[in-house]
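Student: First the structure, then my questions, so here it is.
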Amino acid sequence: MNKRWYALNHPEQTDSPALLVYPDRVSHNIREMIRIAGSARRLVPHIKTHKMSAIVKMQLEAGISRFKCATIAEAEMLAKTGAAGILLAYQLNQPKAFRFMQLVQQYPEVNFASLVDNIESARLLNDLFAESSLTANVYVDVDNGMHRTGIPAEDIPALYKQLSVLPNLHCLGLHVYDGHIHGNSFEDRKQMCEAAFAPLAEAIKIIEAAGLSKPEVVAGGSPTFPIHASNPEVLCSPGTGLLWDEGYARLLPEQPFLRAAVLLTRIISKPRAGYITTDLGHKSVAAENPIGKRVFFLNLEDYEAVSQSEEHLVVKVNNDDWQKLEVGDVLYGVPYHICPTVALYDEVQVVDHGEVTGQWAVEARRKKITV
């Protein structure tokens with residue numbers, strides 16, 4: 001493969017910093033996602049990674065019809081783009097629940113659902129939807145080790161039974177996100193994933209024994225995707241694989257996804273010997289990780305990121321490179337964490353064979369679209 005697949009033929013025509021996206025690589029990643037799952041019908045991919053209707057359309061064309069999201073804006077973008085099923089993987093408070101109900105009313109052809117992990121939140125939805133003679137679809141949010149939201153497996157049957165008697169609420173199943181599983185090897189992750197998931201089997205048996213419908217299970221994220229994909233009883237919800245990033249590429253070498261989003265930045269200063277300053281500040285690349293794990297340059301070797309501010313990233317380079325590099329030179333880098341990086345951009349530059357062919361709007365980076 002061409003080592004400079006990422007390079008623009010005419011970089012002088014693109015301002016920096018910019019986020020470049022490569023549709024041919026996105027298409028590859030969609031195909032691989034479907035291959036691993038065994039069928040597009042087993043996928044409920046998360047769209048928080050890209051937040052773009054253009055990529056949703058590519059997924060729809062590949063046969064994926066159900067999606068997961070984290071915000072009302074993401075849910076609205078999915079509905080406008082043509083998704084058949086949308087799981088808002090979030091427990092709704094009163095203002096968000098009202099906005100969510102507005103989406104349900106505006107898009108009656110879409111199967112919307114959200115999460116609950118307690119009876120009070122469920123009653124809030126039930127009562128709100130009852131006022132408009134609607135039914136709120138929900139999944140019980142399961143905590144199988146991340147300890148962020150959800151309830152432990154042993155508490156699921158009791159809540160499930162409580163939900164079953166609420167007249168304007170329909171419980172469709174269980175949502176299990178295991179983002180805490182980051183073992184050093186695939187076998188480590190597999191063992192951790194299977195051990196954390198095992199208690200759900202008993203909870204499901206109790207639910208069925210009570211005469212309730214067998215719950216649908218939506219499970220996992222990107223690190224555990226291939227593991228859950230081997231279980232035909234669950235639906236899978238990876239997300240990062242669509243664009244991929246340096247963090248997961250290093251952590252999950254067994255996964256066949258290609259880096260499909262690259263940052264273009266320029267050297268804007270050579271403040272002293274051995275140091276260059278680029279225009280890739282906090283506003284242009286996710287900065288939640290340590291300074292050495294924010295961007296990984298593709299056309300620069302033997303370097304160390306040493307400081308970053310809102311508009312600048314200072315990088316230490318070896319003396320030979322420092323002598324060769326000039327102010328204005330273009331660097332290309334893969335974000336360590338692509339999801340929050342995409343959220344920093346109103347639009348991305350679409351690249352085909354080295355040419356920028358257009359722009360894709362990142363519509364759902366906004367807090368609100370219309371609802």
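The values are calculated or read from the model by the stated rules, or taken from the named source; none is laboratory data. Predicted, not measured: the structure shown is a model, and the values here were computed from it. With ideal geometry, Cβ positions are generated from the backbone for all residues, glycine too; neighbour counts draw on all protein chains shown.
Student: Return yes or no: is Asn144 of a type outside the set (A, V, I, L, M) and touching a His at 6+ places or on another chain (Cβ under 8 Å)?
Tutor: So Asn144 fails the test.
Student: Okay, moving on. Hey, does the range 294-306 have a residue that's among the basic types (Lys, Arg), closer than 19 Å to Glu246 by Cα and surrounded by 13 or more Cβ atoms within 10 Å (Cβ to Cβ)?
Tutor: Yes; the residues of the range 294-306 include at least one that is among the basic types (Lys, Arg), closer than 19 Å to Glu246 by Cα and surrounded by 13 or more Cβ atoms within 10 Å (Cβ to Cβ).
Student: Please find, within the range 231-260, the residue that is farthest from the chain's Cα centre (by Cα) out of those that are of a type in the set (Ser, Thr, Tyr) and not in a loop (DSSP other than H, G, I, E, B).
Tutor: Across the range 231-260, the extreme among qualifying residues is Tyr248.
Student: Next up: Just one of Lys57, Lys68 is touching a Gly at 6+ places or on another chain (Cβ under 9 Å) and crowded, with 23+ Cβ neighbours inside 10 Å; which is it?
Tutor: Result: Lys68 is the single residue among Lys57, Lys68 that is touching a Gly at 6+ places or on another chain (Cβ under 9 Å) and crowded, with 23+ Cβ neighbours inside 10 Å.
Student: Before we move on, is Ser121 in the same structural domain as Pro45 (by TED's automatic domain parsing) and either of a type in the set (A, V, I, L, M, F, W, C) or over 22 Å from the mean Cα position of the chain (by Cα) (or both)?
Tutor: yes
To keep it simple, each residue is scored yes or no on (1) closer than 25 Å to Leu43 by Cβ; (2) in the same structural domain as Ala113 (by TED's automatic domain parsing); (3) in contact with a helix residue (DSSP H, G or I) (Cβ under 8 Å, 6 or more places away or on another chain).
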{"site": "Asn168", "(1), (2), (3)": "no, yes, yes"}
{"site": "Ile181", "(1), (2), (3)": "yes, yes, yes"}
{"site": "Glu202", "(1), (2), (3)": "no, yes, yes"}
{"site": "Ile207", "(1), (2), (3)": "yes, yes, yes"}
{"site": "Leu212", "(1), (2), (3)": "no, yes, yes"}
{"site": "Pro215", "(1), (2), (3)": "yes, yes, yes"}
{"site": "Val218", "(1), (2), (3)": "yes, yes, no"}
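Student: Here's another thing I want to ask about it. Only one of (1) touching a Phe, Trp or Tyr at 6+ places or on another chain (Cβ under 7 Å); (2) touching a residue at least 40 places away in the same chain (Cβ under 8 Å) fails for Tyr139. Which number is that?
Tutor: (1)
Student: For residues that are free of Cβ contacts under 8 Å to residues at least 40 places away in the same chain and either touching a Cys at 6+ places or on another chain (Cβ under 9 Å) or among the acidic types (Asp, Glu) (or both), tally how many sit in the range 1-54.
Tutor: 2
Student: For the range 1-113, give me every one of the strands (runs of 3 or more DSSP E) that falls completely inside it and has 2 or more residues that are more than 25 Å from Asp346 (Cα to Cα).
Tutor: 85-91
Student: Now for a different question. Any residue at all in the range 182-199 that is buried (at least 21 other Cβ atoms within 10 Å of the Cβ) and aliphatic (A, V, I, L, M)?
Tutor: Within the range 182-199, none of the residues are buried (at least 21 other Cβ atoms within 10 Å of the Cβ) and aliphatic (A, V, I, L, M).
Student: Hey, another quick one. Of the residues in the range 353-371, how many are surrounded by fewer than 21 Cβ atoms within 10 Å (Cβ to Cβ) and touching a strand residue (DSSP E or B) at 6+ places or on another chain (Cβ under 9 Å)?
Tutor: 6
Student: Does at least one position in the range 125-132 carry a residue that is part of a loop (DSSP other than H, G, I, E, B), of a type in the set (Asp, Glu) and more than 17 Å from Cys69 (Cα to Cα)?
Tutor: Yes.
Student: Another question, if that's okay. Looking at Arg35, Arg41, Arg66, which is the one that is more than 29 Å from Thr265 (Cβ to Cβ), touching a strand residue (DSSP E or B) at 6+ places or on another chain (Cβ under 6 Å) and not polar (S, T, N, Q)?
Tutor: Arg66
Student: Kindly check whether there is at least one residue in the range 337-351 that is more than 21 Å from the chain's Cα centre (by Cα) and crowded, with 17+ Cβ neighbours inside 10 Å.
Tutor: Within the range 337-351, one or more residues are more than 21 Å from the chain's Cα centre (by Cα) and crowded, with 17+ Cβ neighbours inside 10 Å.
Student: To continue, here is another question. Taking the condition farther than 18 Å from Tyr177 by Cβ, aromatic (Phe, Trp, Tyr) and crowded, with 17+ Cβ neighbours inside 10 Å, does Tyr107 pass?
Tutor: Criteria met by Tyr107.
Student: If you go through the range 228-247 one residue at a time, do you hit one that is in contact with a Cys (Cβ under 6 Å, 6 or more places away or on another chain), buried (at least 18 other Cβ atoms within 10 Å of the Cβ) and in contact (Cβ under 8 Å) with a residue 40 or more places away in the chain?
Tutor: yes
Student: Another question about this same structure. Taking Ala130, is it aliphatic (A, V, I, L, M) and surrounded by fewer than 19 Cβ atoms within 10 Å (Cβ to Cβ)?
Tutor: In short, yes.
Student: Being of a type in the set (S, T, N, Q) and part of a strand (DSSP E or B) is the filter here, so list the residues in the range 279-336 that pass it.
Tutor: The answer is Ser307, Gln308.
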